[in-house]
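Worksheet: one structure, shown below.
Laboratory data are not the source of any read-out in this text; all were calculated from the coordinates shown. Owing to the predicted nature of the structure, the values given are computational and were not obtained by experimental measurement. Cβ sites come from the backbone with ideal geometry, for glycine too, and all protein chains shown count toward neighbours.
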Amino acid sequence: MYAIGEIVLVVIGILIALQINNWNEQQKQNKLEKEYYCRLLEDVIQDREQVTNLIAQSESRLKASNQAVRLLQKEKTKKQEIGTQISLSIRAIYSDFKPNNSAFEDLKSGANLNIIRDKNVIKALNNYFNKVDGFISIIKVNGENAVAINFSHRDNFANGWVEAYMNRDRFLKGMEQDVYAAIPLDNEGLITEDMKKRLYNEALYYISSNARQIELYNFIKNEIDVLTKLLETKCTIDHD
C-alpha cells in the first residue's frame, strides 16, 4: 500500500508538473500573440500617418492646380506665375503609399501564423493589403500620366518652366554665376494663346488627378481605421 501510495504521488506530481508546463507554454503563446497584435497595430498607425501626409500633399497640389486654371482664365498670363503653379500641381504626385508590412510578413513566416487564434484578424489583414494594392496601382498610374504630360513639352522657355524653376535654390546655388546670368529669363513675359490653351487642358487634368488621389487615399484611410479598431481591441486584451 505504501509503494502504491508513492507511485500515485509520483504520478500526481508528474501530472501537476505537466499542467504547470502547459500553462506556462500557453502564457508564452498568449504573450506572443498579444505582441503580434500590438506590432500590427503599430504598423497601421504608421500607415495612417503616412496617408495623412500624402493627403495633405495632394490637397496642396489640388490647390495649385485650381490656381493654375485661374491664371489661365485671365486675359494675360505671366510665364513665371503659371510655371510655378503648374510645377506645384504635380510636385511629388508620383509618390505612392507603401504600407508597413514588417509584422505581417514576420507573422507569415514559418508557423507563426498559427499564433493568431482569431482568424478574423488574418482575414482582415489579407483584405487590407489586397485593397491597398488595388488603390496604389491606380494612384501610380494617375501619377505617371500627370508626370508624362508635364514632360511632354519640348520648349520649356515657352510654358513658364524655366522662369519657375530658375528662381529655386537648386539652380541659384547649383549653377555658376556666369552660366546662370546667360539664361534668357523672361519673368514678366506672357505665354502665347496656343500655349495657354494647352496648359489649360493640362491644369484641368491635374485637378482631376489630384482630386482622385485624395479620394483614393481616403479609401485607404478608411481601411486603416477598420483594421486599427480591430487591432486596438486585441492589443489591449489580457489573456487568462
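Summary table below
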| read-out | value |
| --- | --- |
| Estimated distance in nm for a label pair at TYR94 and THR52, the labels positioned 7 Å out from Cα along Cα-to-Cβ | 2.9 |
| Centroid-to-centroid separation of segment 45-101 and segment 186-237 [C-alpha atoms, Å] | 7 |
| Student exercise, segment 2-236 dipole from Lys, Arg, Asp, Glu Cβ charges, in Debye to nearest 20 | 460 |
| Rel. contact order, % - alpha carbon contacts under 8 angstrom, at least six apart, segment 2-236 | 38 |
| Cα→Cβ-extended label distance, 7 Å offset, between LEU32 and TYR165, nm | 5.4 |
| Lysines whose Cα lies under 26 Å from that of LYS173, excluding same-chain neighbours fewer than 8 positions away | LYS78, LYS79 |
| Within segment 79-173: Cβ-based charge dipole about Cα centre, in debye rounded to nearest 20 (Lys, Arg +1; Asp, Glu -1) | 180 |
